[in-house]
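The values are calculated or read from the model by the stated rules, or taken from the named source; none is laboratory data. Source: prediction; values computed, not measured. Don't worry about glycine lacking a Cβ; one is built from the backbone with ideal geometry, like all the others, and counts go over all protein chains shown. SASA here: full protein model, heavy atoms, side chains in, ligands and nucleic acids out. Shrake-Rupley method; radii C 1.70, N 1.55, O 1.52, S 1.80 Å.
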Amino acid sequence: MSASGGFARFLRFLRFAAVGAVGTLAHYALLVALVEGAGAPPLAGASAGFVLGALVNYALARRLVFASNRSHGQALPRFFAVALAGLAWTALLMSLFMALLGLHYLLAQLLTTALLLLWHYAGNALWTFRRGRHDMEAR
């Protein structure tokens, strides 16, 4: 990998993280609204927030990070496969952090989000939005 290629990947990762911050804001807003406003259990709020955040992230990452021309029919199922695996990890990590470590649900969510950032980036860069031979030939 060339130095400029590595720098370009780093910039793409930073864009992914920035887009993720927007999705995370939507996630956390719904989490807090459900838990604090509606009295929902933290795990339910975290799960609902995760789904909302995933939808926001898909739309923004597809356009602003990966500039994908892969059809929604191809990319969206892949994105949600990565997201559903992330949701399973979210449920597991939130449960572990709150039950075993006794952490407040917001601290548990912050740690979970940090741990899953690399999972989501790798899954989406390498599988969801990866340009295949067919995509390259179309350009």
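Before moving on, here are some points about what is shown:
- Other residues within the sphere of radius under 14 Å centred on the Cβ of residue 63, judged by their own Cβ, net out at +4 (K and R +1, D and E -1).
- Rounded to whole Å, the principal axis extents of the Cα atoms in the chain read 52, 32, 21, largest first.
- Helix screen, the chain: DSSP H segments with Cα axial length of 27 Å or more and mean Kyte-Doolittle hydropathy at least 1.0 are 3-32, 72-95.
- Apportionment of accessible area to carbon and sulfur, the stretch 7-91, percent (1.4 Å): 74
- For the stretch 55-109, the Kirkwood estimate of hydrodynamic radius, built from reciprocal distances between every pair of different alpha carbons, is 12.9 Å.
- Per residue, the chain exposes 57 Å² of accessible surface when a 1.4 Å probe is rolled over the protein heavy atoms with every protein chain present.
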